[in-house]
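Trainee: Mind having a look at this structure? Questions to follow.
The values are calculated or read from the model by the stated rules, or taken from the named source; none is laboratory data. Keep in mind that what you see is a predicted model, and the values were worked out from it rather than measured. Virtual Cβ from ideal backbone geometry, glycine too; neighbours counted across all protein chains shown. Surface accessibility is based on the protein's heavy atoms, side chains included, excluding ligands, DNA and RNA. Shrake-Rupley method; radii C 1.70, N 1.55, O 1.52, S 1.80 Å.
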Amino acid sequence: MTAAHDFPAYRGQMEYFCLGCGSRYNVDELHYTCPDCGGVFLLDNTDFDALSARSGKEWQDIFDARAATRTTPLRGIFRFYELMAPLLEPEDIIYLGEGNTPVIEASPAMSDMAGIPFAFKNDGQNPSASFKDRGMACAFSFLKSLVRKHGWDEVLTVCASTGDTSAAAALYASYVGAPLKSVVLLPHGKVTPQQLSQPLGSGATVLEVPGVFDDCMKVVEHLAENYRVALLNSKNSWRILGQESYAFEVAQWYGWDMQNKCIFVPIGNAGNITAVMSGFLKLHRLGIISCLPRVFGVQSHHADPVYRYYSVQDPASRVFTPVTVQPSVAQAAMIGNPVSFPRVRHFADQFEAIGGQGAFQVVQVTEQAIMDAMIIANRHGHIACTQGGECLAGLMRARELGIIAPHETAVLDATAHALKFSGFQDMYFSGTLPAEYGVTPDAGLSNAPELLMDEAARNALAPEEFTLAAARAVAGRLGLAPKS
């Protein structure tokens, strides 16, 4: 057995594989869409079956041992090296503390409310405070290997973003440094101040484009097709590989037992749910897990093309149609034409072929439910972003529909840290959310700060008098009785 501190000797044979026409391409260059048909790529390790020489139990033991390693390239997502990008050398791998994010069980009150045991996996505790760091660690490690191999002296990395992608891309580019330079395109006015500050702080060139994320995506797609740039959106299939680590970590946390487990993932651009399904399928293929969990994608009614597709019961009658999005508090999910939808369909078919009907489902939730769920989760000790709220709303909706049972356990993807979306929380509490979101604050959840004394009254008092007056005001507001 490989010791935990040894870097693996195994190297795979990686190829780009087009889901549209089946064409295959060498990975010595950066490819994002198929030159033959324009389809999206997956990365295929044509030597993957060689990993079956070890039993599923042996792989469990290897990955469990690596969880305690001090070998830097294996400390993060690449402790699952053989399952992701097993062509990278140790010197290429970037580790900024990504991965190994905690699975936090819901408080008893929250579980009672949901009628089912569940937990949040807090991916907001990644370095740039979102799950995107998983993908960027892999994408930038591969890019670093290409730079070393080809001797490139300047590489411009570009991405479109609603916030999290830009923060992660800028962070990893700044760590690698020359010859990488980072440029991010954001939809003007559609990114929170907290998220805007991140790429600026990492030194990226930030360009704003009128419109929504889909408009920015069209611009960077044109750049990737016509100029020599490194695209870091989820069209970059190396990012999908890195995000598979989420599935590996969930399985490992539950002792490699996925029986009666349900994974809730917001769909957005569909890269993460693609990666989650792909990761679980790899584990199942090697016998590391004996059964697949059920996977639930969640979409807001303001951006729900994947839900609409799967709401048609007859698979032969399904036609994917992009939608025009409306404003969503779950900004990362406000995407009407997900780039990775062909990947979702590809893996969903495999999930259902193995797990049967119900192995993959999509639920639709309202903006009101998303925002209320985020507030409720954080009122019970969690740090969920609006996308985490979307997952909790999805779980509650699944319970309403009777498609998840009380004996199952749900794992909810909190994709980013709550602080990234504190502006939405502030607007909720103050009742200032713009009407287009369609959210009315619940009076039972609102708790705007209360001013006990104005500045003029405070300035009229001596320091000792102020302390006494303020203490009495607090005691009166809280209904405190003096000690006897």
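Trainee: Please go through the range 169-216 and give me each residue that is within 23 Å of residue 145 (Cβ to Cβ), of a type in the set (A, V, I, L, M, F, W, C) and in contact (Cβ under 8 Å) with a residue 60 or more places away in the chain, ordered by number.
Mentor: 169, 171, 176
Trainee: Scan the range 328-365 for residues that are surrounded by 23 or more Cβ atoms within 10 Å (Cβ to Cβ), polar (S, T, N, Q) and farther than 20 Å from residue 393 by Cα and jot them down.
Mentor: 340
Trainee: Here is a further query. Evaluate the range 252-273: report whether one residue or more is under 22 Å from residue 45 (Cβ atoms) and touching an Asp or Glu at 6+ places or on another chain (Cβ under 8 Å).
Mentor: Yes, the conditions are met somewhere in the range 252-273.
Trainee: Inspect all residues belonging to the range 386-394 and state whether any of them is out of contact with any Ser or Thr (no Cβ under 9 Å at 6 or more places or on another chain), touching a residue at least 40 places away in the same chain (Cβ under 8 Å), in a helix (DSSP H, G or I) and surrounded by fewer than 23 Cβ atoms within 10 Å (Cβ to Cβ).
Mentor: No: zero hits.
Trainee: Could you tell me which numbered condition residue 129 fails, if it satisfies all but one of (1) open to solvent by less than 10 Å² (accessible area, probe 1.4 Å); (2) closer than 26 Å to residue 219 by Cβ?
Mentor: In the conditions (1) open to solvent by less than 10 Å² (accessible area, probe 1.4 Å); (2) closer than 26 Å to residue 219 by Cβ, residue 129 misses (1) alone.
Trainee: Tally the residues that are modelled with pLDDT of 95 or more, hydrophobic (A, V, I, L, M, F, W, C) and assigned to a strand (DSSP E or B), restricting the search to the range 349-385.
Mentor: Result for the range 349-385: 4.
Trainee: State whether the residues of the range 399-406 include one that is free of Cβ contacts under 8 Å to residues at least 60 places away in the same chain, surrounded by 16 or more Cβ atoms within 10 Å (Cβ to Cβ) and among the acidic types (Asp, Glu).
Mentor: no
Trainee: Further, regarding this structure: Cβ contacts < 6 Å: first residue small (Gly, Ala, Ser), restricted to the range 312-338; second residue surrounded by fewer than 19 Cβ atoms within 10 Å (Cβ to Cβ), any location; separation 6+ or different chain. Result?
Mentor: Once the first residue is small (Gly, Ala, Ser) and sits in the range 312-338, its partners that are surrounded by fewer than 19 Cβ atoms within 10 Å (Cβ to Cβ) give 336/322; 336/323; 336/324.
Trainee: Sort out for me the helices (runs of 4 or more DSSP H) sitting completely within the range 414-484 that have 2 or more residues that are of a type outside the set (Phe, Trp, Tyr), more than 44 Å from the chain's Cα centre (by Cα) and exposed (fewer than 12 other Cβ atoms within 10 Å of the Cβ). Steps first, answer last, please.
Mentor: On the way: elements: 422-430, 455-459, 463-478.
The helices (runs of 4 or more DSSP H) meeting that bar are 455-459, 463-478.
Trainee: Can you tell me which residue in the range 308-327 is modelled with the lowest pLDDT, limited to those that are open to solvent by less than 70 Å² (accessible area, probe 1.4 Å) and under 23 Å from residue 372 (Cα atoms)?
Mentor: 327
Trainee: Just to verify a result, which residue in the range 74-120, among those that are of a type in the set (Gly, Ala, Ser) and closer than 21 Å to residue 168 by Cα, is surrounded by the most Cβ atoms within 10 Å (Cβ to Cβ)? Don't jump to the end; show me each part of the working.
Mentor: To start, the set of residues in the range 74-120 that are of a type in the set (Gly, Ala, Ser) comprises 76, 85, 97, 99, 106-107, 109, 111, 114-115, 119.
Narrowing the set further to residues that are closer than 21 Å to residue 168 by Cα leaves 76, 85, 97, 99.
Details: 76: 24, 85: 27, 97: 13, 99: 24.
Only one residue tops the list, namely 85.
Each row is one residue, and each column tells you yes or no for (1) of a type outside the set (D, E, K, R); (2) more than 26 Å from residue 345 (Cβ to Cβ); (3) surrounded by 13 or more Cβ atoms within 10 Å (Cβ to Cβ).
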{"site": "31", "(1), (2), (3)": "yes, no, yes"}
{"site": "36", "(1), (2), (3)": "no, no, no"}
{"site": "44", "(1), (2), (3)": "no, no, yes"}
{"site": "49", "(1), (2), (3)": "no, no, no"}
{"site": "58", "(1), (2), (3)": "no, yes, yes"}
